[in-house]
Amino acid sequence: MLALFGSGLISIWLEMAGVNVKPIDALDILAWQGSPGLVFAADPNPAGATTVLEYLKGLQTLKLVAANQTQSQGIWIQSGPILMANHQGTIPLPAASLTKIATSLVALNNFGPDHQFQTLVSATGPLHNGVLHGDLVITGGGDPLFVSEEAIAIGNSLNKMGIKRVEGNLVITGNFAMNFQRNPVLAGQVLKQALHSATWSRGIAFQHSLMPKGTPKPQIVIAGRVKLEAQANPQQTLLLRHHSLPLKQIIKEMNVFSNNEMAQMLADAVGGAQVVQSTAARLARVPQSEIQLINGSGLGQENRISPRAVCAMFMAIQQQALSYQLSLADLFPVSGFDHRGTLHSRHLPPATIMKTGTLRDVSALAGVVPTRDRGLVWFAIINRGTNIGAFRTGQDQLLQRLVQQLQVAPGIPATLAPHLAVNTIPQFGAADRNEMLYGG
């Protein structure tokens, strides 16, 4: 019983308002032993298990999997301490972009939701009559969402300082990426282009068109080339400190679009895949063996997570979010609210908070759905097979049937209500995130 309270699952369960759950005898809880750190009660209502059994039979009927391949499918469904359905739920399976749940959990734990990555802009020479006689130095701080609008804003700030031309090179140091290009030299070449509007590509021009009307077009000509240096010049003068969007918005954008480059940069920021793996297992209170990672994005079948661990990580993120007066809806896409990215063409129950995962022969869906009779129902479905479209349809139908049995929630529980604007593109290139440090 102590393990049940120690897992944190009871606290989430009790925080749900208006949940109609059949009381469970404490002796029943003690009689049903789970894995280390997790204890669940057997479900007195077999609705979840029956629905999953029918779903698995349906996969065979549709010839999506052979009769001897159902063991390659993983499913875990629970509500609070109640285990509703389990099929290979503790077996680590290729999880594709469900890996980003682990990356989100560890990044949120390490940095907090308001953390901002810094990109520094410096000069190695003096400024005279609009000409910088030296190099312009960019020191990257690992911002995973440094895009064209951010570069445009920096260019406009440098113009305000009086810089119109750089006689030297554009020097890149630190961990710098732009437009999800993590090769620092290639990222620097795009930055150089973005700083001088006469050289803009169609893509940069389009991104500028999305910025507030009247946003200036930067005019900074860099005479030299893009160079990569391991360390910054100690004699350089700091001109500007650029702050990224808050981490909570970065995580949300990463999960809405399942962006692999952003995920890998976040994983690198916390110490790499092995740190994500061990820390996520500790925070989710699942065995280390149920989370096996080689990167932070999910690319590669070597990234394996059990369905149970996926649900436990979602619950751990929810607990952390609540401590910051946030919710999962501020960090992951929400059905019926967000209409971008991976929610496109999905037919999920209202207010389902979800994360998808896709590889050539993996289709996964996980998250939480509010219901009337069981409150928050946490789920993870990992399918193995090549008919990705059919698997996605089946996953949506499985959740729809489950919600039909448990009844649609009368409203969004307070613990899942979004605190940030949903289905809204963040304000990229906001001038107030540039801290100008040079007075000319």
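Computed from the coordinates by the stated procedures, all read-outs in this text should not be read as laboratory data. Everything numeric here is computed off the predicted structure, so don't read it as measured data. Quick reminder, even Gly has a Cβ in these numbers, built from the backbone with ideal geometry, and neighbours come from all protein chains shown.
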So how far apart, in nm, are the two label points at Lys217 and Gln71 if each is 7 Å from Cα heading toward Cβ?
6.4
Among His115, His242, His339, His344, what is the fewest-to-most ranking by other Cβ atoms within 10 Å?
His344, His339, His115, His242
So, relative contact order of the chain in percent, Cα under 8 Å, 6 or more apart, is 22
Residue order, fewest to most beta carbons within 10 Å, for Arg384, Arg374
Arg384, Arg374
By counting other Cβ atoms within 10 Å of each Cβ, how are Lys217, Lys252 ranked from fewest to most?
Lys217, Lys252
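At R0 = 51 Å, how high is the FRET efficiency between Lys227 and Ser278 if r is their beta carbon distance? Nearest 0.05 is fine.
My answer for the efficiency is 0.85.
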Given charges of +1 on the Cβ of Lys and Arg and -1 on the Cβ of Asp and Glu, with all other atoms neutral, how large is the dipole of the chain about its Cα centre, in debye to the nearest 20?
800
Using a Cα-Cα cut-off of under 16 Å, which lysines could be cross-linked to Lys100, ignoring same-chain neighbours fewer than 8 residues away?
Lys248, Lys252, Lys355
Could you give the nm distance between label points at Gln116 and Arg182, where each point is 7 Å from its Cα heading toward the beta carbon?
2.5
So which lysines can Lys160 reach, going by Cα to Cα under 21 Å and dropping same-chain residues fewer than 8 places off?
Lys192, Lys213, Lys217
For the ranges 154-165, 44-55, what's the packing order if you count other beta-carbon atoms within 10 Å of each residue, average per peptide, and put the highest first?
154-165, 44-55
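State, as an integer percentage, the relative contact order of segment 230-320 based on alpha-carbon contacts under 8 Å between residues 6 or more apart.
22
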Amide H partners (placed H, <5 Å) of Gly375, local residues excluded
Asn20
Would you mind checking the tilt of helix 47-61 against the longest principal axis of the Cα atoms of the chain, expressed as 0 to 90 degrees and rounded to 10?
80
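Just check segment 151-227 against the gyration tensor rule for me: Cα atoms, a ≥ b ≥ c as the square roots of the eigenvalues, rounded for a/c under 1.5, and otherwise prolate or oblate depending on whether a/b exceeds b/c.
It comes out oblate by the Cα gyration axes.
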When you count, for each residue, the other Cβ atoms within 10 Å and take the mean per peptide, how do 220-227, 363-370 rank with the highest first?
363-370, 220-227
Reduced to Cα centres, the span from segment 344-394 to segment 115-172 in Å works out to 43
Could you tell me whether segment 360-440 comes out rounded, prolate or oblate from its Cα gyration tensor? Rule is a ≥ b ≥ c as square roots of the eigenvalues, rounded for a/c under 1.5, then prolate if a/b exceeds b/c, otherwise oblate.
oblate
Relative contact order for segment 133-199, counting Cα pairs under 8 Å that sit 6 or more residues apart, in percent
44
Three-way shape call for the chain based on the alpha-carbon gyration tensor, with the a/c threshold at 1.5:
prolate
